[in-house]
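Asker: Sharing a structure with you now.
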Amino acid sequence: MGDKVMTIVQGALLTTGKAKAVYATDDPNVLWLHSLNQATALNGKQKAEISDKGRLTTQISQQLFRFLKAQGIVTHFQQAVGERDVLVTALDMLPIEVVIRNYAAGHFATRYAVPMLTPLSPTVQEYYFKNDALDDPPLNQSQIFALDLATPSQLTQIEAVAQTVNRQLGQLFEAVGITLIDFKLEFGLDATGALTLGDELSPDNMRLIDQATGQSLDKDVFRQGTGDLRDGYTTVLHRLTTYLGE
Ligand code: TMP
């Protein structure tokens, strides 16, 4: 889909997360992300090896980042370099997880005793401190500023981008018969200080429901032990690829 092809050499392993290994490259502004065949939940307490998962999340994420880039969203995605490897712009990540909710599910449903899939109006926006040792506690705006995690203007920009991403992804999934329930975004700053959408966009970090069957097509299947998450991920990838092209 017209990504600029670069010749980049994979460098040293920098860090291994729950779902990805991050490598340096010969360009200090570019990182090499390798998706693992691993699923985790409950902040890593639930963990399993799942073959082919890395390919599925990489391919879905690639489709969604390309789509958002085409809509003018500034993202870290540069190009694929293998079935489960991508090159991204190196970012100085803000330690904030941004969650958008269109319908009640997960923590929102349990925390506030709201029936599952109740439509939420306005759309709910939440922040969490990305900190495993603290179990990612919730944050409000004043806490974000007092902890110096982002500036007011960065947060204003994050809110605007998150709303646009929600609108764009919601329409895209609607076009392929899927409802976007909620999702998580992470942002960082590139070498020029520009706020950039980073991380991954896949059913690992969003809830998706098949409108035809009501089936969950995301990691809830793993979290709740109700089936093989690859079935839903394969459906999502197939529908996106059919709609958007390879
Ligand atoms: P939650 O209902 O568990 O708070 O999750 C809301 C959304 O955010 C859901 O789509 C899953 C995603 N999410 C992550 O990607 N990583 C996380 O650590 C958490 C807590 C949620």
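Taken together, the values in this text are just the output of simple stated rules run on the coordinates, not laboratory data. Bear in mind that the values here come from a model prediction, so they are computed numbers and not experimental data. FYI the Cβ positions are ideal-geometry reconstructions off the backbone, even for glycines, and counts take in every protein chain you see.
Asker: If amide hydrogens are placed 1.01 Å from N in the peptide plane, which non-local residues have theirs closer than 5 Å to the one on Ile178?
Answerer: For Ile178, whose amide H was placed from the backbone, the distant partners under 5 Å are Gln211.
Asker: Compute the length gained on full extension between Leu42 and Thr242: take 0.36 nm times their separation in residues and subtract their Cα-Cα distance, giving the result in nm to one decimal.
Answerer: Details: separation 200, 0.36 × 200 = 72.00 nm, distance 3.30 nm.
So the chain would gain 68.7 nm between Leu42 and Thr242.
Asker: Something else: Among Leu94, Ser61, Tyr23, whose Cα sits farthest toward the positive end of the charge dipole of region 1-136 (+1 at Cβ of Lys/Arg, -1 at Cβ of Asp/Glu, about the Cα centre)?
Answerer: Of Leu94, Ser61, Tyr23, it is Ser61.
Asker: List Phe129, Phe187 from most exposed to least, where exposure is judged by having the fewest other Cβ atoms within 10 Å.
Answerer: Working: Phe129 17, Phe187 25.
Starting with the residue having the fewest Cβ neighbours, the order is Phe129, Phe187.
Asker: Charges on Cβ only, +1 for Lys and Arg, -1 for Asp and Glu, centred on the Cα centroid of region 1-94; of Trp32, Gln71, Leu14, which one is farthest towards the dipole's positive end?
Answerer: It is Gln71.
Asker: Another question, if that's okay. For region 8-123, what log10 I(q)/I(0) values come out of the Debye formula at q = 0.18, 0.19 1/Å, with one point per alpha carbon and no solvent?
Answerer: -1.11, -1.17
Asker: Work out the FRET efficiency for Ala24 and Thr192 from their Cβ-Cβ distance, taking R0 = 22 Å, and round it to the nearest 0.05. Each step should come with its number before you reach the end.
Answerer: On the way: r = 20 Å, r/R0 = 0.89.
Between Ala24 and Thr192 the formula returns 0.65.
Asker: Another one. Just to be sure I understand: with springs between alpha-carbon atoms less than 10 Å apart, which residue in Ser216, Ser121, Ser51 has the highest mean-square fluctuation in the Gaussian network model of the chain?
Answerer: Looking only at Ser216, Ser121, Ser51, the biggest GNM fluctuation is shown by Ser121.
Asker: All other residues with a Cβ under 9 Å from the Cβ of Tyr128 taken together, and with Lys, Arg as +1 and Asp, Glu as -1, what is their net charge?
Answerer: -1
Asker: Can you list the HN-Hα couplings for region 78-86, worked out from phi with the Karplus curve (6.51, -1.76, 1.60; θ = phi - 60°), rounded to whole Hz and with x for Gly and Pro?
Answerer: Per-residue couplings from phi come out as 10, 6, 7, 10, x, 4, 9, 9, 9 Hz.
Asker: Reachable lysines from Lys20, Cα under 19 Å, same-chain residues fewer than 8 places away excluded?
Answerer: Within reach: Lys45, Lys47, Lys53, Lys130, Lys184, Lys219.
Asker: Please identify every one of the chymotrypsin sites (Phe, Trp or Tyr not before Pro) in region 95-126 that sits in a loop by DSSP and has no more than 10 other beta carbons within 10 Å of its own beta carbon.
Answerer: Details: sites: Tyr103, Phe108, Tyr112; in loops: Tyr112.
Hits after loop and neighbour filter: Tyr112.
Asker: Could you tell me which residue out of Thr156, Gly225, Thr213 lies farthest along the dipole of the chain toward its positive end? Charges go on the beta carbon: Lys and Arg +1, Asp and Glu -1, centred on the Cα centre.
Answerer: My answer, from the dipole projection, is Thr213.
Asker: Sticking with this structure for a sec: Report the net charge of residues surrounding Val221, where surrounding means a beta-carbon distance below 11 angstrom and charges are Lys +1, Arg +1, Asp -1, Glu -1. Intermediate results must be reported in sequence, preceding the final value.
Answerer: Numbers: positive: Arg207, Lys219, Arg223, Arg230; negative: Asp218, Asp220, Asp228, Asp231.
It works out to a net charge of 0.
Asker: Related question: Rounded, prolate or oblate for region 117-157? Axes are the square roots of the Cα gyration tensor eigenvalues, ordered a ≥ b ≥ c, and the cut-off for rounded is a/c under 1.5. Present the calculation step by step, with values, prior to reporting the outcome.
Answerer: Numbers: a/c = 3.00, a/b = 1.30, b/c = 2.31.
Judged from the Cα gyration tensor, region 117-157 comes out oblate (a/c at least 1.5, b/c at or above a/b).
Asker: Would you mind classifying region 69-128 by shape? Square roots of the alpha carbon gyration tensor eigenvalues, ordered a ≥ b ≥ c; an a/c under 1.5 is rounded, otherwise it is prolate if a/b is larger than b/c and oblate if not. Show your work: numbers first, answer last.
Answerer: Values: a/c = 2.48, a/b = 2.35, b/c = 1.06.
Verdict is prolate for region 69-128.
Asker: Here's a follow-up. Residues with amide H under 5 Å of Ile96's amide H, sequence separation 5 or more or different chain, H placed in the peptide plane at 1.01 Å from N; which?
Answerer: Residues meeting the criterion, in which the H sits 1.01 Å from N, are Lys130, Phe187.
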